[in-house]
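Data first, discussion second: the structure below is written as structure tokens.
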Amino acid sequence: MAADGDNRFRVGLLGHGTVGAAFADLLPRHADRIARITGLRPELSGVLTRSRGSFEEILAGSDLIVELIGGIDPAREYLLTAMRAGKHIVTANKQLLSHHGEELWEEARVRGVQLRFEGAVAGVVPVIRVLQESLAGATIDRVHGIVNGTTNFILTEMARTGEPFAGALAEAQRLGYAEADPTEDVNGKDAAAKMAIIARLAFETPVHIDQVRYEGIEHIQPDDLEYARDFGLGLKLIGTAERVGDGGLSVSVYPAFLYPGHPLASVNGPFNAVTVESEAITEITMSGPGAGGPQTASAVLGDVISAMIPPASTPPATESLDIVGDVTSSFYLYLEVADEPGVLARVADVLARQQVSVKSVLQKGLDDQARLVMVVHPVLESRFFAAMREIAALSAMRAAPRAIRVIEEEFV
Ligand SMILES: NC(=O)c1ccc[n+]([C@@H]2O[C@H](COP(=O)([O-])OP(=O)(O)OC[C@H]3O[C@@H](n4cnc5c(N)ncnc54)[C@H](OP(=O)(O)O)[C@@H]3O)[C@@H](O)[C@H]2O)c1
């Protein structure tokens, strides 16, 4: 607080871009209401961009720092310096937390300050608070998330119009759902950063973004969406964090097919959603807008208000689950083969040797070629990919095989 008898709560803002400018606009509009709730009146004490403001002056004149610059440097150094000076922090920076979360959370604990980051994952959907507070008493088994709105919009558009990836991406850019440079959205890296943070909180195990296996949606063909519809399947870019075996944790981001009964199957367009599974609670799904300046700024303001009231910190990692790379999964497999006798038998032989069992299969002819589209039962991924490599080498193959994971669960 500014001074004795003064009820001002001074908020220093680093970054004044899409989210920062929306936050600077939102804060004064809510100041009176926040003063009634907390007894303290928040006000902006300074703004830092590349061309204006001094970090040292803002730090000296603030009770809390909101970091909306993004990226690792200089955000990391600013946050460490601010916490060492005893200031609370609110950030929406998933890149930074997925690389240096442990260092930052440790600094917050040592300094007795709050480090809040609701806006870093799924925009305004309150995933962080629910994992840290509401579900603190549950043992979580699995989290599934659609945590990137750009890719969800593109896949929804491809399924709706039959457009290829490039056309749907151009539409996303035209409507403002994709950045001019969408690389980290479409290649899965943005979602991987968010899943690293989610997994850290859900499983109390340190997870670095480099431990998250991820794949994007650039290679998805409209054909795959069309054929899979015949099996009742819809495609999403799904982040998964789950306990595996005895003491293991797997964290990944892949395009995956869902059956219609899955709670994430109906999440369309630029929306985000996260499903948390635990024996005690069965399943909880949260969904809402995953990005956008005003939406994320509202999550940031919620964190500022929380930081003004009671202390909350991310406890030290109490678990050390092994991060596991090879897990069991069901797959959709698309093959273009020569339309000649015995091909299906040769494919079936490879699958059987790798213990891959077929759940359903469709065969469609096309001139002298045939398309075999199948869904296989859950199998160790290493076995499935070994089978796929063998199938790719068969002389009857007319194109590289394509595979996409299928999530088997339905909650109906
Ligand atoms: N946009 C979203 O919908 C969204 C959603 C969820 C989370 N986030 C997260 O929110 C954060 C901010 O995103 P944004 O979209 O608002 O970014 P942005 O529009 O690119 O704005 C970044 C701001 O930071 C300033 N900045 C950059 N480098 C700086 C430096 N070295 N020193 C001082 N200031 C610097 C920029 O200054 P100039 O004005 O001088 O360029 C700009 O004002 C990121 O961590 C992002 O991941 C964004």
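The values are calculated or read from the model by the stated rules, or taken from the named source; none is laboratory data. Being a predicted model, the structure only gives us computed values, none of them experimental. Cβ coordinates were reconstructed from backbone atoms using ideal geometry, including for glycine residues, and neighbour counts include every protein chain displayed. With ligands, DNA and RNA removed, areas are computed over all heavy atoms of the protein, side chains included. Shrake-Rupley method; radii C 1.70, N 1.55, O 1.52, S 1.80 Å.
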Revision key, fill the gap. Of the candidates L64, L97, the one satisfying the condition of being more than 16 Å from the ligand (Cβ to nearest atom) and either of a type in the set (F, W, Y) or at pLDDT 95 or above (or both) is L64
Check your understanding: Based on what the data block shows, is V375 within 24 Å of R229 (Cα to Cα) and open to solvent by less than 40 Å² (accessible area, probe 1.4 Å)?
Key -> yes
Study note, to complete from the structure: Those residues of the range 211-239 that are crowded, with 22+ Cβ neighbours inside 10 Å and farther than 13 Å from F257 by Cβ come to a total of 3
Check your understanding: Among the candidates V66, V19, which residue alone is open to solvent by less than 50 Å² (accessible area, probe 1.4 Å), outside any strand (DSSP E or B) and of a type in the set (V, I, T)?
Key -> V19
Practice item. Using the structure shown, decide if G137 is open to solvent by 40 Å² or more (accessible area, probe 1.4 Å), at pLDDT 95 or above and assigned to a loop (DSSP other than H, G, I, E, B). Key: no
Check your understanding: Looking at E43, is it surrounded by fewer than 18 Cβ atoms within 10 Å (Cβ to Cβ), of a type in the set (D, E, K, R) and within 16 Å of the ligand (Cβ to nearest atom)?
Key -> no
Review point. In the range 46-61, what count of residues is obtained for those that are under 8 Å from G12 (Cβ atoms), part of a loop (DSSP other than H, G, I, E, B) and either within 8 Å of the ligand (Cβ to nearest atom) or touching a helix residue (DSSP H, G or I) at 6+ places or on another chain (Cβ under 7 Å) (or both)?
Key: 0
Check your understanding: Taking into account only those residues within the range 100-121 that are open to solvent by 40 Å² or more (accessible area, probe 1.4 Å) and touching a helix residue (DSSP H, G or I) at 6+ places or on another chain (Cβ under 6 Å), which is nearest to the ligand (Cβ to nearest atom)?
Key -> H100
Revision key, fill the gap. Considering the range 267-295, residues that are open to solvent by less than 10 Å² (accessible area, probe 1.4 Å), touching a helix residue (DSSP H, G or I) at 6+ places or on another chain (Cβ under 9 Å) and among the β-branched types (V, I, T), and then whichever is nearest to the ligand (Cβ to nearest atom), we arrive at V274
Point to revise | Tabulated pairs, the range 25-39, first without any contact (Cβ under 8 Å) to a residue 24 or more places away in the chain, second open to solvent by 50 Å² or more (accessible area, probe 1.4 Å) and of a type outside the set (A, V, I, L, M, F, W, C), C-beta under 6 angstrom, 6+ apart or interchain | key: A31/R41
Study note, to complete from the structure: Subset of the range 190-230, residues over 29 Å from R402 (Cα atoms) and aromatic (F, W, Y), comes to F203
**Study point:** Options A317, A307, A312, A291; residue that is among the hydrophobic types (A, V, I, L, M, F, W, C) and modelled with pLDDT of 85 or more
**Key:** A307
Point to revise | Flag if A192 is within 11 Å of the chain's Cα centre (by Cα) and in contact (Cβ under 8 Å) with a residue 40 or more places away in the chain | key: yes
Exercise for review: Pairs only if they're at least six apart or on different chains, beta carbon under 6 angstrom, first in the range 351-373 and closer than 10 Å to A338 by Cα, second modelled with pLDDT of 90 or more; list them, first residue then second.
Suggested key: Q369/E336; Q369/R398; A370/V337; R371/E336
**Study point:** T285 being modelled with pLDDT of 95 or more and farther than 26 Å from E179 by Cβ
**Key:** yes
